[in-house]
Structure formats: C-alpha cells, structure tokens
Amino acid sequence: MKPFNKILMIALLLISGVGLVVSCTHKNDPLPASVSTAIKISHGKHIHLAGITLGDTTQWKFDKVHSAVNWSSPFLEVGADLTGKFNQFGVADLKDALMQNYNTTKQPVPDTSWAFYENEPAKTHFAGYIQTNQVNTGEPGRDGGCLITTFGTTKIVAGTQNLTVANVAHIKTTSVVFDPLSNGYIATFDFTWQGGGSAPVTQSISGKLTYVPETLVPGATYSDFGLKLEFQINKADFGVNNTEVADKVNIVVNANFNNK
Amino acid sequence: MDNSFLAYIQKLEAMAFFSGYALVYTVILSILGNRRLKGKLSDRIVSFLPISYGLIGILFLGFQLRKLYPDYSFEHIHFTFQQPFLIIWGLLSFAFLAPVLYKRPLFSLLHSCLFFYFVASDLFKQATTPLADTNIVKNDMRVLAASVILNIAVPCLITILFLGFNYIKKHKSLIPKKQGSSTLF
C-alpha cells in the first residue's frame, strides 16, 4: 500500500505540475513598456542649396507656381477667419538697390536667397518678400480697392513687378534652431513692412518652420521638398489700423522646391 | 453552440468536483502515514477522506438538481445531461458514505482516478499534437485547482466538526449534573 501510494502521489503531482507549466498564462509577467506617445524627433542629413541652372540636380529651384503665401484673420475681429493670399512673392533678399519697379511678368529677382541644412539649423537661412498690392481675397473690388489704401500702396500696373519700399513686406532670418517640441525648427527673422506708416518698420518675429523631406516625384526624374513657415504679425505695429480684421494676422508660407 | 460543447462543459463540471481527490488523498496519506505523525487523529483524518468524497457527491447531486430546476421531467433530464455516464459515475460517490465502502478508501481513490485521467489525457494530447488547443489544458488546470481546494476544504470541515463534537462531549461529561434539575421542568 505505502509504495503504491507514494508512486501514485508522485505521478499525480508530476502530471499536475506539467499541466500547470503548460497552461501557464504568464499573467504575472511584467507588461511590456507602453508605446511612448511623445513625438519622436529625428532629423535627417539633407542639405538643399539654391541655384538657377536647369538640369543640374544638385541645385534646388524655387517652384513659385506651386507655392503660396496665405494669411487669415478674424473678420471684424470677432467673426470667422477672413483669408487671402498674395499672388506675387519670391525668395530673395531685397537689398535697397533691388527695391524698384521691374518691367517683367516673370520673377523680377532670382529666388536664391536661401539654404537649408536639415541637421545643422544654424546654417539654414532664407529671405523672402511679397508684393502687397498683389493681395487676393477673391473679391476684386476689395483687392484692388480698399485693401490698396489700407496697405498704403498703389494699384497693380500691368506688366510691372512692383518691388518698391511701399509695396513689399519682406523677411530675413536671423537664426534657425531645432524646435524642442516637434520635428521642426524655430525660425527667428526680421519682418519689414511699411504698411500704413510713412517709413518701413522692422520687427523681430519667431515662427515655426517645418521641413517636408526631399522625395522623388512619382513618375518623374526629379525630386521635390517643401518648407512651411507659420507666424503671426500684429498689423497695428505696421500702421494698419482698420477694424475690418483683427490686429493679429496669421501668415502661412508654403514653399516648394525642386531640382529639375 | 452544439451538443459537444455542452458535453465538454459537463465533463469540466464533473472534474471540478472529483478530479482533485486523487491528489489530495495521496498527499494526505503520504503526510499522515509518516511514523512521527501517526496517531489516532491522523488515522481518523484518513478515515474521513472517503466520507468527504461521499459528501462531495451530495454537493454534485445538488448541483445537478439545481441545473434541472424547476423541470425534473425525464425529457428535460435527457436533454440536459449530455454526459449521462459521467454523471452517474459521479453520483456513485454517494456509496462511500456507506460503512462497507468508507472503510475501503482505495475504492474512492480509484473512483476519482477516472476524473484525473481526463486531465492526464488532455495533457498527453497537448504534448503529442502540435496544433492542439492550449485552452483545453488551461481549463483542465483551473478546474483541477478548484477541485483540489474543494477536496481539501471538505475533510478539513469534517475534522473540525469532529474535534468540536469531541471537545463538547468531553467537557459535557465533566460538568456535574444539578440534583433535581430535571424536576424543575
């Protein structure tokens, strides 16, 4: 009886033990670390330098046709956004000598005042401008009428690109750094505009710069990359005091570049 | 849900009552069979094992009656019991309440071994068939664990009751009866 009982007990315990191991659900195992919801910041090593030589794929050209400078501000300071854009703009550093009327319908000055280093923002720089009389809100009466007065400029002259002091607002970066909270950059630049005043006002403004990485255009032999700059100005600082829109005006620049 | 699933559930139910007994029986017998622990009480506890097994059989009967409630017709019984032979085998455990059988605890062990066999066979199938469902063994082990607890709890309860009655009995005999107390009522 005794040896039989012992053997049976060992057999039963063995079977139960094996069963326990096989059926282990690992419920007590520590759970794997949860997926981090923090934004993963990673910067590539793309370097894009400006150029105008067609066919040279090392030179990146500003694609003005597929770029835009948009603005928005609450209508009457309280309503939904009133939006518009500027039909003429460029990526050029407008030195005093360049600020004049040009008898052309094309870009008056080369759009080459920029360089972008994805992983070395200190080397990144850009300058650009818009022609204020080329404002486009979709309402010709307003664009060619009251806004011309508000902006303190003159009407469009056909076949002329007006880059005079009274008709341009331009920017030039003073520093570009990594944005610690996103994959983008913080660009600080001088914003210069005469607006409703008698002389241009320069103000240092910071905005968010986002890089849309270089990608081969599907079905084409060239690549494209994008830069998006978002910032805000206070129009009252530039002598524009009407109440049609709020003082805070949001500006978004979408610039595309290719290496055709 | 087909009948095979109901039959499987009923097999698990029966295992929950009886499969743990074999393990509890052999372990208790091994511990209390030790010379140093051998004594009147240990012999008594071993003798309680088949009785507790019979009591678990009563619990099993109660469980089946509760399932049938309120319709105890033959049709309902026939429809409800998908494992009739297993249930009859389980109900046979009543027999261990009879003095003829509770003095032969080995029979209760053999009775319980059928239910433990299901655990062993599922484990064997799991080991030999690579695509076997692991959930079957998981279910078996959960049911076996519950059964072990039940088969430990019932003999413990019987032992406590036995000791309690013994204690009362001993102390009752030491208390002197008051003279003429019976005439008061």
Out of all the residues in the stretch A:211-229, which are in a loop (DSSP other than H, G, I, E, B) and either touching a Cys at 6+ places or on another chain (Cβ under 6 Å) or without any contact (Cβ under 8 Å) to a residue 60 or more places away in the chain (or both)?
A:Val217, A:Pro218, A:Gly219, A:Ala220, A:Thr221
Going by the conditions given, is B:Leu49 in a helix (DSSP H, G or I), within 11 Å of chain A (Cβ to nearest Cβ) and touching a Phe, Trp or Tyr at 6+ places or on another chain (Cβ under 7 Å)?
no
Can you confirm whether the stretch B:88-99 contains a residue that is without any contact (Cβ under 8 Å) to a residue 40 or more places away in the chain, more than 17 Å from B:Ile45 (Cα to Cα) and either touching a Gly at 6+ places or on another chain (Cβ under 7 Å) or within 14 Å of another protein chain (Cβ to nearest Cβ) (or both)?
yes
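Regarding B:Leu65, is this residue more than 13 Å from every other protein chain (Cβ to nearest Cβ), out of contact with any helix residue (DSSP H, G or I) (no Cβ under 7 Å at 6 or more places or on another chain), assigned to a helix (DSSP H, G or I) and hydrophobic (A, V, I, L, M, F, W, C)? Before the answer, list the steps.
Working: more than 13 Å from every other protein chain (Cβ to nearest Cβ): yes; out of contact with any helix residue (DSSP H, G or I) (no Cβ under 7 Å at 6 or more places or on another chain): yes; assigned to a helix (DSSP H, G or I): yes; hydrophobic (A, V, I, L, M, F, W, C): yes.
When the stated conditions are applied, B:Leu65 passes them.
Working carefully through the options B:Leu131, B:Leu150, find the one that is among the hydrophobic types (A, V, I, L, M, F, W, C) and modelled with pLDDT under 90.
Step by step, each of B:Leu131, B:Leu150 is checked, and only B:Leu131 is among the hydrophobic types (A, V, I, L, M, F, W, C) and modelled with pLDDT under 90.
I need the full set of residues from the stretch B:95-142 which are part of a loop (DSSP other than H, G, I, E, B) and under 20 Å from B:Leu29 (Cβ atoms), in order please.
B:Lys103, B:Arg104, listed by residue number.
Please report, ordered by residue number, the strands (runs of 3 or more DSSP E) entirely within the stretch A:53-138 with at least 2 residues that are hydrophobic (A, V, I, L, M, F, W, C) and modelled with pLDDT of 95 or more. I'd like the intermediate steps shown before the answer.
Working: elements: A:68-74, A:81-86, A:114-117, A:125-131.
Here the list reads A:68-74, A:114-117, A:125-131.
Any idea how many residues of the stretch B:12-62 are of a type in the set (Ser, Thr, Tyr) and more than 16 Å from B:Leu92 (Cβ to Cβ)?
Just the residues of the stretch B:12-62 that are of a type in the set (Ser, Thr, Tyr), to begin with: B:19, B:21, B:25-26, B:30, B:42, B:47, B:52-53.
Within this subset, residues satisfying the condition of being more than 16 Å from B:Leu92 (Cβ to Cβ) are B:25-26, B:30, B:42, B:47.
Final tally of qualifying residues: 5.
Which ones in the stretch B:11-44 are among the small types (Gly, Ala, Ser), within 12 Å of chain A (Cβ to nearest Cβ) and farther than 30 Å from B:Asn139 by Cβ? Before the answer, list the steps.
Of the stretch B:11-44, the ones among the small types (Gly, Ala, Ser) are B:14, B:16, B:19-20, B:22, B:30, B:33, B:39, B:42.
After this cut, where a residue has to be within 12 Å of chain A (Cβ to nearest Cβ) as well, the list is B:19-20, B:22, B:30, B:33.
If the condition is that a residue be among the small types (Gly, Ala, Ser), within 12 Å of chain A (Cβ to nearest Cβ) and farther than 30 Å from B:Asn139 by Cβ, then B:Gly33 is the only one that fits.
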Of the conditions (1) touching a Ser or Thr at 6+ places or on another chain (Cβ under 9 Å); (2) part of a helix (DSSP H, G or I), B:Gln82 fails just one. Which one is it?
(2)
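Step by step: first the residues of the stretch B:115-144, then only those that are touching a residue at least 60 places away in the same chain (Cβ under 8 Å) and open to solvent by 30 Å² or more (accessible area, probe 1.4 Å), then the one that is farthest from the other protein chains (Cβ to nearest Cβ). Which residue is that?
The residue in question is B:Phe118.
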Being open to solvent by less than 30 Å² (accessible area, probe 1.4 Å), outside any helix (DSSP H, G or I) and under 9 Å from A:Gln131 (Cβ atoms) is the filter here; which residues of the stretch A:146-167 pass it?
A:Thr153, A:Gln161, A:Asn162, A:Leu163
Go through the stretch A:188-230 and report how many residues are closer than 20 Å to A:Ser67 by Cα, open to solvent by 20 Å² or more (accessible area, probe 1.4 Å) and touching a strand residue (DSSP E or B) at 6+ places or on another chain (Cβ under 7 Å).
14
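Results for (1) open to solvent by 50 Å² or more (accessible area, probe 1.4 Å); (2) within 14 Å of another protein chain (Cβ to nearest Cβ); (3) closer than 30 Å to B:Pro130 by Cα; (4) not small (Gly, Ala, Ser), shown as yes or no for each residue.
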position	(1), (2), (3), (4)
A:Ile10	yes, yes, yes, yes
A:Ser36	yes, no, no, no
A:Lys40	yes, no, no, yes
A:Ile52	yes, no, no, yes
A:Asp63	no, no, no, yes
A:Phe75	yes, no, no, yes
A:Val78	yes, no, no, yes
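Take A:Ala92 and decide whether it is over 25 Å from the mean Cα position of the chain (by Cα) and away from chain B (no Cβ under 14 Å).
no
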Of the residues in the stretch A:12-34, those that are facing chain B (nearest Cβ under 9 Å) and among the small types (Gly, Ala, Ser) come to A:Ser16, A:Gly19, A:Ser23
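The values are calculated or read from the model by the stated rules, or taken from the named source; none is laboratory data. Keep in mind it's a predicted model, so treat the numbers as computed, not measured. Note that we place each Cβ from the backbone using ideal geometry, even for glycine, and neighbour counts take in every protein chain shown. Calculation scope for accessible area: heavy atoms of the full protein, side chains included, ligands and nucleic acids excluded. Shrake-Rupley method; radii C 1.70, N 1.55, O 1.52, S 1.80 Å.
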